[in-house]
1. Compute the distance in nm between two label points, each set 7 Å from the Cα along the Cα-to-Cβ direction, one at THR33 and one at ASP17.
2. Mind checking the full-extension length gain between ARG41 and GLU24? Use 0.36 nm per residue of separation minus the Cα-Cα distance, one decimal, nm.
3. Heavy atoms only, 1.4 Å probe, whole protein assembly: order GLU8, GLU24, GLU15 by accessible area, highest first.
4. Describe numerically, in nm with one decimal, the distance between label points set 7 Å from Cα along Cα→Cβ at SER63 and at ARG3.
5. For VAL21, what residues show an amide H to amide H distance below 5 Å, using hydrogens built from the backbone and excluding near sequence neighbours?
Amino acid sequence: MRRDIVQEAWLRWAEVDEATVINEGAYLSRLVTNLCLDRLRSAARDAVQWQVPASAFLAELRSAPPSRRDGGDVDLLHRHH
């Protein structure tokens with residue numbers, strides 16, 4: 001799961017115009033945080049929907065595919081022209 005999130009963050013970072021980012025560290029930190037939160041929310045929804053025991057929920061969380069959400073609050077860290 002960690003590698004999936006890091007890979008997803010790397011791919012998204014590759015698409016960003018770095019000149020529009022004020023603070024690269026803050027941007028990447030927010031991006032990775034949002035990806036992690038998305039993964040947790042998705043896994044929690046799946047567990048509730050299927051009434052999965054907690055142990056199965058945690059196992060699924062470790063192997064779930066990365067979220068395709070756009071990163072949410074990350075845009076707050078872009079410079080606006």
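The values are calculated or read from the model by the stated rules, or taken from the named source; none is laboratory data. Note that the structure is a prediction, hence the values are computed from the model and not measured. Neighbour counts run over all protein chains shown; Cβ positions are idealised from the backbone, glycine included. These accessible areas exclude ligands, DNA and RNA; they are computed on the full protein's heavy atoms, side chains included. Shrake-Rupley method; radii C 1.70, N 1.55, O 1.52, S 1.80 Å.
1. 2.6
2. Contour length minus the Cα-Cα distance gives 3.6 nm.
3. Descending order: GLU15, GLU24, GLU8.
4. 1.4
5. Those qualifying (amide H under 5 Å, at least 5 residues apart or on another chain) are ARG79.
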